[in-house]
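Taking it in order: structure first as structure tokens, then the write-up.
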Amino acid sequence: AVQRPEAEEDHLRGRYLSREDGTYAFIAVRPVPYPIPDDGPVGRMLAASGRHPWRPAHIHMIVRASGYKTVTTHVFDATSDYLDSDTVFAVKPSLLRTFVERSPDDPERPIGLDGPWVSLENDIVLARGEDGGEPVDPGRTA
């Protein structure tokens, strides 16, 4: 919304509900590195310090469940460029994940996908607490 105030709230975002047992799955486009806006004061600061504006490939997540603390995090593609020079210094070894290359004939291939694809496993553990609040309307973006 900051970069594109005219965009809808859900623009470039997804909302997914976990299964009863807490597992989840979704289909998405593999993330790629991208630059933060560098046409204002932040760009001038980066230029003055000799830094680039690039973020490594990553997926943002906000996870909520009633009775648990909300987790806001991201996971990074372990093979991405810029892991060692993320412009916002957010990469940590514990956030690196490996995308596994899969073939078109893989028996776990999701319905509707043709050609090669990748998969990623990521466990999320929530701590008990009160700030998770009520489940969020699945029609709205976190």
Residue separation times 0.36 nm, minus the C-alpha to C-alpha distance between residue 109 and residue 88: what's the value?
4.1 nm
Packing-based ranking, highest mean first, of 62-68, 115-121, 44-50 given that Cβ atoms within 10 Å are counted
62-68, 115-121, 44-50
Alpha-carbon Rg/Rh ratio, for region 1-133, with Rh computed the Kirkwood way
1.00
Along each of its three principal axes, how wide is the spread of alpha-carbon positions in region 1-57, in whole angstrom units, largest first?
51, 26, 17
Within region 83-102, which residues have the backbone N less than 13 Å from the label spot 7 Å out from residue 49 along Cα→beta-carbon, could you tell me?
85-90
Using helices alone, I'd like the mean residue ellipticity at 222 nm for the chain: each DSSP H run of four-plus residues gives -39500 (n - 2.57), total over residue count, nearest 500.
-1500 deg cm²/dmol
Karplus-derived 3J(HN,Hα), 6.51/-1.76/1.60, for each residue of region 78-88, Hz, glycine and proline x:
5, 9, 5, 5, 6, 4, 8, 8, 3, 4, 10
Near the amide H of residue 68, under 5 Å away, which other amide H atoms are found, from residues 5 or more places off or on another chain, if H is placed in the peptide plane?
129, 132, 133
Between residue 20 and residue 72, what's the calculated FRET efficiency when r is the beta-carbon distance and R0 is 22 Å? Round to 0.05.
0.40
Tally Lys and Arg at +1 and Asp and Glu at -1 over the other residues with C-beta under 13 Å from the C-beta of residue 42: what net charge comes out?
+1
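A short reminder: the numbers here are calculations on the coordinates, not readings from a lab. Please read these numbers as outputs of a predicted model, since none were measured by experiment. Ideal geometry is used to build each Cβ from the backbone, glycine not excepted, and the neighbour counts take in all protein chains shown.
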